[in-house]
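The values are calculated or read from the model by the stated rules, or taken from the named source; none is laboratory data. Quick caveat, the model's predicted, so the values are computed rather than measured. Cβ: placed from backbone, ideal geometry, glycine included. Neighbour counts: every protein chain shown.
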Amino acid sequence: MTWAPQDEWQIRKVYESKVRKRLSDMLTKARVRGNKPSWIGEQAWSALLNYWDSEKFKERSSRNKINRSSARGGALHSTGRKSHLDIALALVSIIH
């Protein structure tokens, strides 16, 4: 498959976004299950376990959980990790 060179940045951005989401989902599943996937080395798994057990991670996780379920002000935060710029660009591409 080929595409126009001027579209390269947008294609790369979409690809990287999909990869980030997939990796995040895979790591979340590993964390919840407590099983090291075969594709993660021992050192990396140990570092992840330490990070997931840290206060920094627990505070962030708790705060994000509250944010996802918040209905304060009548608006539900539902854009996930998308920035306002990404949302605006997606809307512009739909219009054009």
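Candidates in the stretch 5-45 are the residues that are polar (S, T, N, Q) and assigned to a helix (DSSP H, G or I); of these, the one that is modelled with the highest pLDDT is Q43. For the stretch 19-38, a residue qualifies if it is loosely packed, with under 10 Cβ neighbours inside 10 Å and farther than 21 Å from F57 by Cα, and exactly one does: S38.
Is there a residue being at pLDDT 95 or above, assigned to a loop (DSSP other than H, G, I, E, B) and not β-branched (V, I, T) anywhere in the stretch 83-94? The answer is no, given that none of the residues of the stretch 83-94 is at pLDDT 95 or above, assigned to a loop (DSSP other than H, G, I, E, B) and not β-branched (V, I, T).
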